[in-house]
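The values are calculated or read from the model by the stated rules, or taken from the named source; none is laboratory data. Quantities reported herein were computed from a predicted structural model and do not represent experimental measurements. Cβ sites come from the backbone with ideal geometry, for glycine too, and all protein chains shown count toward neighbours.
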Amino acid sequence: MSLRPWLALGLLLSLAACATAETVRDAPVDAGVSQSFAAPYDRTTAATLDTLRSLNINITATEEKSNGLQIQVTKSMNLFSWGEVGRILVERSSQAPTVVRVYWQKRSVMQITGTGQTDFSNELFNGIQQRISAR
């Protein structure tokens, strides 16, 4: 029996389960994990953007929507990871608290290395809290 059909099937399955910027962007608004911050929307938004700029990720798009600021991010492929994609939503509110929601996916479901959603969101939430507390 030839190994070639099995390799082709494996490649097809791995490609079918890839996360892309579009699949993350179009995920339900309540997808992912969230944390509330005891700060107004503008301050939380600034702290979120500051924190994202300090991390080893790329901000690929920002869009102000009626429900808040949506930020698309990617983490590039490296020796240990095929990369990750994410969406951060700073939910608009008229007063504190402000909710930040993170939806983060590895590019492939078969990827065992790289940063998972829990690790990324914890790092982001800690950075936001530090920046809010420092002001």
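Of all residues in region 24-66, those satisfying the criterion of being loosely packed, with under 14 Cβ neighbours inside 10 Å and among the hydrophobic types (A, V, I, L, M, F, W, C) are Ala38, Ala61. With respect to the conditions (1) part of a strand (DSSP E or B); (2) modelled with pLDDT under 95; (3) among the hydroxyl-bearing types (Ser, Thr, Tyr), Ser36 falls short on a single one, namely (2). Identify the single condition in (1) modelled with pLDDT of 90 or more; (2) assigned to a strand (DSSP E or B); (3) polar (S, T, N, Q) that Gln95 does not satisfy, given that it satisfies every other one. The failed condition is (2). What's the number of the only condition in (1) at pLDDT below 95; (2) surrounded by 13 or more Cβ atoms within 10 Å (Cβ to Cβ) that Leu69 fails to meet? The single condition Leu69 does not satisfy is (1).
With respect to the stated conditions, Val90 fails to be assigned to a strand (DSSP E or B), out of contact with any helix residue (DSSP H, G or I) (no Cβ under 8 Å at 6 or more places or on another chain) and either modelled with pLDDT under 70 or within 15 Å of Asp30 (Cα to Cα) (or both).
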